[in-house]
Every structure is written in structure tokens, then in C-alpha cells.
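Engineer: Take a look at the following structure, please.
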Amino acid sequence: MKERTTKELIETLGEDFDRCYRNILQSFDEGTIDEDGLLDADYEFHARQLIRAAFAYIEAVTFSVKITAAKHCLERRVPISPEERAFAGDVDYEVDDKGAVVERNARIKLTRNIRFALVLYERAHKLHPPFDPSSEWWCHLRESIRVRDRLMHPRMPEDLDVSPTELINVLKAKQGFDDILMHYAHNKTKIPARRKRNTKAESAS
């Protein structure tokens with residue numbers, strides 16, 4: 001059986017998001033304009049699905065960025081602490097009832113996890129300047145996390161409501177997240193490949 005990879009996971013989650021986005025657009029196309037000139041469309045089911053899909057994608061990509069950056073640090077002898085290596089793999093430790101140290105899943109707040117992933121990637125590839133937390137997309141991400149949490153843990157019917165502004169904020173947050181990673185990918189330090197030693201025949205030519 002072919003080994004399944006993180007790349008497949010991210011591609012699948014990206015396709016889920018794209019499908020949800022297309023469904024949103026279709027619901028808008030099928031809507032009507034009321035007498036006040038406002039669009040009346042049944043979009044909220046698709047909006048909730050899109051928000052869940054966006055954050056599933058963001059969390060998966062964040063994990064991949066951490067693992068990739070940690071691996072690069074180890075291979076290129078870039079300083080990385082044992083604690084950073086553990087958190088890169090979403091691993092933490094605790095003492096169990098028998099007094100033994102055991103692994104457990106690290107519980108890292110999403111915004112902190114993304115910041116950690118970006119910091120580690122910047123260090124691994126010597127990227128400057130560092131991420132700017134005053135960026136518009138970052139503000140939208142923080143706002144959207146509250147919407148995601150409300151949808152995941154609803155208490156009242158209104159907790160399931162998604163306003164057009166909240167939907168737009170999620171779209172801007174994901175786009176900004178993708179943009180910064182694309183920027184990092186294009187600007188990371190290029191490590192020259194090792195040159196092969198010349199053979200006797202090449203030396204003689």
C-alpha cells in the first residue's frame with residue numbers, strides 16, 4: 001500500500017475549502033435581491049462548513065511548517081532546543097500516576113502555534129524581516145478563531161449564525177496565511193548543493 005503523506009492531507013483539506021467556497025458562491029447566485037437592494041441568500045450552512053474547513057486546513061499546514069522547519073534546523077545545524085523539537089511535533093510531557101514521564105499531545109493555542117511555526121521557519125531559512133503581527137490578515141484570523149470556537153461549541157441558536165462580515169474575515173485570514181507562506185517559500189535561503197569531487201578522468205581532461 002502506498003504510504004499516505006502530509007501533502008495528501010493538506011491537498012484534501014484545501015480541496016474541501018475550495019468546494020465549500022464554490023458552494024457559497026452558488027448560494028449567492030441563487031439568492032434574490034430584496035426591496036432594500038440587499039442580497040437574500042441561504043448561505044449560512046455553507047458558511048459554517050467553509051469556516052470549519054478553513055481552520056482544519058490552517059492547522060494542518062501549521063503542523064507541516066513546524067515539522068519541515070525543525071527538520072531543516074537539524075539537517076543544517078541551525079540551533080533548535082529539545083523543547084522546540086517536541087513542540088514542533090505537537091508533543092508534550094507529563095508525569096503519570098506511577099511517577100513515569102510520558103508523552104502527551106501538546107495543547108497549544110492556535111495563534112501561538114502559528115507564531116511558533118513562523119518563527120521556527122524564519123530561523124531555519126534565515127528570513128528577514130520577521131512576521132508582523134499587526135498585519136491585517138492576522139487581526140482577521142484572531143477574530144475568526146472566536147467565530148470558529150462559537151460554531152464548534154454552540155450554546156444558543158444564534159451561536160450558529162454567520163454574518164457576511166465574519167465570512168469575509170475568514171476568507172481574508174486564510175488568504176493572508178497562504179500569502180505569507182508563499183512569500184516565505186519564495187524567499188528562503190537557498191543552500192548550494194555540495195559539489196561532487198572530480199574523478200581522475202575529469203581531472204585529466
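Engineer: What list of ³J(HN,Hα) couplings, whole Hz, do you get for the range 141-149 from phi and the Karplus terms 6.51, -1.76, 1.60, once you set θ to phi - 60° and write x for glycine and proline?
Structural biologist: 5, 4, 5, 6, 4, 5, 5, 4, 5
Engineer: Right, another one. Name the trypsin sites (Lys or Arg not before Pro) in the range 83-162 that are in a loop by DSSP and that have at most 16 other C-beta atoms within 10 Å, would you? Please list the in-between numbers first.
Structural biologist: On the way: sites: ARG85, LYS98, ARG104, ARG107, LYS109, ARG112, ARG115, ARG123, LYS126, ARG142, ARG146, ARG148, ARG150, ARG155; in loops: LYS98, ARG107, LYS109, LYS126, ARG155.
Here the sparse-neighbourhood loop sites are LYS98, ARG107, LYS109, LYS126, ARG155.
Engineer: I've got another one for you. Of the listed values (1) -0.32, -0.68, -0.77, -1.23; (2) -0.23, -0.51, -0.60, -1.08; (3) -0.28, -0.58, -0.65, -1.11, grab the one calculated as log10 I(q)/I(0) by the Debye sum over Cα atoms at q = 0.07, 0.11, 0.12, 0.17 Å⁻¹ from the structure here.
Structural biologist: (1)
Engineer: Would you calculate, for the chain, the mean residue ellipticity at 222 nm contributed by helices, counting each DSSP H stretch of 4 or more residues as -39,500 (n - 2.57) and dividing by all residues, to the nearest 500?
Structural biologist: Using -39500 (n - 2.57) per qualifying helix, the result is -21000 deg cm²/dmol.
Engineer: For the pairs LYS71/LYS126; LYS7/LYS126; LYS66/LYS172; LYS66/LYS109; LYS126/LYS174, note any where the Cα-Cα span goes beyond 18 Å.
Structural biologist: On the way: LYS71/LYS126 15 Å; LYS7/LYS126 24 Å; LYS66/LYS172 23 Å; LYS66/LYS109 14 Å; LYS126/LYS174 24 Å.
Listed pairs above 18 Å: LYS7/LYS126; LYS66/LYS172; LYS126/LYS174.
Engineer: While we're looking at this one, here's another question. Find me the longest stretch of the chain that has none of the exposed GluC sites (Glu not before Pro), where exposed means in a DSSP loop (not H, G, I, E or B) with at most 14 other Cβ atoms within 10 Å.
Structural biologist: Numbers: sites that count: GLU3, GLU30, GLU35.
Value returned for the longest uninterrupted segment is 36-205.
Engineer: Per residue, how much accessible area does the chain show when a 1.4 Å probe rolls over the protein heavy atoms, in square angstrom?
Structural biologist: Solvent-accessible surface per residue comes out at 70 Å².
Engineer: Here is a follow-up. Can you figure out the FRET efficiency of VAL95 with LYS7, using R₀ = 35 Å and their beta-carbon distance, to the nearest 0.05?
Structural biologist: Here the calculated transfer efficiency is 0.45.
Engineer: In nanometres, what is the gap between the two model label sites at SER81 and ARG104, each 7 Å from Cα along Cα-to-Cβ?
Structural biologist: 2.1 nm
Engineer: Summing Lys, Arg as +1 and Asp, Glu as -1, what charge do residues with Cβ under 12 Å from the Cβ of THR165 carry, THR165 excluded? Don't skip to the answer; put the middle values down first.
Structural biologist: Details: positive: LYS172; negative: GLU143, ASP161, GLU166.
Charge balance near THR165 sits at -2.
Engineer: In degrees between 0 and 90, to the nearest 10, how far off the longest principal axis of the chain does helix 110-125 point, with axes built from Cα atoms?
Structural biologist: 30 degrees
Engineer: Now for a different question. May I ask you to list the residues of the range 150-177 whose amide nitrogen lies under 17 Å from a point 7 Å from Cα along the Cα→beta-carbon direction of ASP36?
Structural biologist: 162-166
Engineer: Which residue, chosen from HIS183, HIS125, TYR43, occupies the Cα position most advanced towards the positive end of the dipole of the chain, where the dipole is computed from +1 (Lys, Arg) and -1 (Asp, Glu) charges on Cβ about the Cα centre?
Structural biologist: Towards the positive end, the residue furthest out is HIS125.
The values are calculated or read from the model by the stated rules, or taken from the named source; none is laboratory data. The model shown is predicted, which means the values in this text are computed figures rather than measured ones. Heads up, the Cβs are rebuilt from the backbone with ideal geometry, glycines too, and the neighbour counts pull from every protein chain shown. Quick note on the areas: whole protein, heavy atoms, side chains included, nothing else; ligands and nucleic acids left out. Shrake-Rupley method; radii C 1.70, N 1.55, O 1.52, S 1.80 Å.
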